[in-house]
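The values are calculated or read from the model by the stated rules, or taken from the named source; none is laboratory data. Keep in mind it's a predicted model, so treat the numbers as computed, not measured. Cβ placement follows ideal geometry from the backbone for every residue including glycine, while neighbour counts extend to all protein chains displayed.
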Amino acid sequence: MRVARDCAAAGITLQTLEERAERIGRDDREMLLYPETLRIARLITQPRFLSLIKHPEIPSDRRRGLVAQEIASILAPTSLHRRSRAAARVEHALCNHASYGTEWL
């Protein structure tokens with residue numbers, strides 16, 4: 001769940017979080033990130049996704065792009081430019097989790 005939460009936090013814009021907080025009247029970051037955290041957690045535990053990130057025949061840069069795109073597609077709808085930036089931030093978050101013993105990319 002930590003990986004999923006970090007990816008959600010990396011990919012969701014501050015504006016989106018502020019809009020959600022205003023709409024529900026609470027500024028609880030975990031709660032505001034929960035929908036995307038849950039969707040990302042489901043994605044990254046699917047066998048299809050796990051085989052993609054560990055597939056030896058797919059070059060690592062292509063794999064990183066595919067993973068980031070998959071996760072960015074879960075995030076709140078934004079423009080294509082913002083989605084690319086979100087994908088880059090998600091990729092960075094996944095790389096940071098290598099220190100926890102999981103090679104995501």
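A few remarks follow.
- Within the stretch 1-47, tally of residues that are more than 17 Å from residue 67 (Cα to Cα) and of a type in the set (Val, Ile, Thr): 3
- Output for the stretch 1-33, where each listed residue is under 18 Å from residue 94 (Cα atoms), in a helix (DSSP H, G or I) and modelled with pLDDT under 90: 2, 3, 4, 5, 6, 7, 8, 9, 10, 11
- Among the residues making up the stretch 11-44, those that are of a type in the set (Val, Ile, Thr) and surrounded by 13 or more Cβ atoms within 10 Å (Cβ to Cβ) are 12, 13, 16, 37, 40, 44.
- Among residues of the stretch 34-83, those that are at pLDDT below 85 and assigned to a helix (DSSP H, G or I), counted: 24
- Selection status of residue 47, exposed (fewer than 15 other Cβ atoms within 10 Å of the Cβ) and more than 20 Å from residue 96 (Cα to Cα): yes
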